[in-house]
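The values are calculated or read from the model by the stated rules, or taken from the named source; none is laboratory data. Not measured: the values here are computed from a predicted model. In this analysis, Cβ positions are derived from the backbone assuming ideal geometry, glycine residues included, and neighbour counts consider all displayed protein chains. Quick note on the areas: whole protein, heavy atoms, side chains included, nothing else; ligands and nucleic acids left out. Shrake-Rupley method; radii C 1.70, N 1.55, O 1.52, S 1.80 Å.
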Amino acid sequence: MAVVKRTHPAAWLWLSLVVIVLDQATKFLVTRFLELYERVEVLPVLDFTLLHNTGAAFSMLAGASGWQRWFFIGLAGVVSVMLIVWIWRIPRGEKLLPLALALILGGAIGNVIDRIWHGYVVDFIHAHWGEAYFPAFNIADSAITIGAALLILDAFREKGQSAGQVTGEKAEGTAERRRGTPDRRQAPRDGAP
């Protein structure tokens, strides 16, 4: 029987690095070629528009007095450390969970780099339908969103697997009762083994 070598989940950290590099490279290009609020139509439903977001997701707290910069830097630092520890503790062979966490980690670090260097996050991807605009975002935000969706998918997949195991155990016990064999889960009676 061949021994299967399973990769440690920390090997997925390369993906975090790729997200950080792509995020920072696209932000660099956008800030070099677009002026603040300049709009370039890419598709009828997609524009590139250089925006500065001093707030959180969807510009929440953007109007605050400046305390939010350091709050979000600290929060991202704590979350990043927690994600690295979580990734490191995942059992070998897992794929979906470390993939999700690596995307979230890369996105979080990509945005915190902006906050440290600029005091705001550079957003530029601006999707819309007619005159209804979705809040602008960037590659880091996309990685965080995809990672969060995969995290939810992994939770549902895990829940389905554990429900399947319970169902399998119940079915096994039912089959044993049908065959007349003792159910292993029942406690012995009258001292019988």
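Some points to look at:
- V78 vs. criteria at pLDDT 95 or above, open to solvent by less than 20 Å² (accessible area, probe 1.4 Å), β-branched (V, I, T) and within 28 Å of D154 (Cα to Cα): no
- Pair list, Cβ under 8 Å, 6 or more apart: the stretch 19-41 residue under 11 Å from V122 (Cα atoms), other residue of a type in the set (S, T, N, Q): D23/N111; D23/N138; T26/N138; K27/N138
- Every pair of residues 6+ apart whose Cβ atoms lie under 7 Å, when the first sits in the stretch 137-156 and is within 12 Å of A102 (Cβ to Cβ) and in contact (Cβ under 8 Å) with a residue 40 or more places away in the chain while the second is buried (at least 16 other Cβ atoms within 10 Å of the Cβ) and of a type in the set (S, T, N, Q): none
- Members of the stretch 35-53 found to be of a type in the set (D, E) and assigned to a loop (DSSP other than H, G, I, E, B), listed by number: E35, E38
- Only residues that are small (G, A, S), outside any helix (DSSP H, G or I) and under 19 Å from I146 (Cα atoms) were counted in the stretch 69-100, giving 0.
- Only one of the numbered conditions (1) at positive phi; (2) open to solvent by less than 40 Å² (accessible area, probe 1.4 Å) is violated by V30, and that is (1).
One line per residue, one yes/no per condition, for (1) in a helix (DSSP H, G or I); (2) aliphatic (A, V, I, L, M); (3) at pLDDT 50 or above:
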| residue | (1), (2), (3) |
| --- | --- |
| V122 | no, yes, yes |
| F156 | yes, no, yes |
| G164 | yes, no, yes |
| T167 | yes, no, yes |
| G173 | yes, no, no |
| R184 | no, no, no |
| P188 | no, no, no |
| G191 | no, no, yes |
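- Of all the residues in the stretch 36-50, those that are closer than 28 Å to W70 by Cα and open to solvent by less than 40 Å² (accessible area, probe 1.4 Å) number 2.
- Hey, N138 buried (at least 20 other Cβ atoms within 10 Å of the Cβ), closer than 29 Å to F33 by Cβ, modelled with pLDDT of 95 or more and of a type in the set (S, T, N, Q) or not: yes
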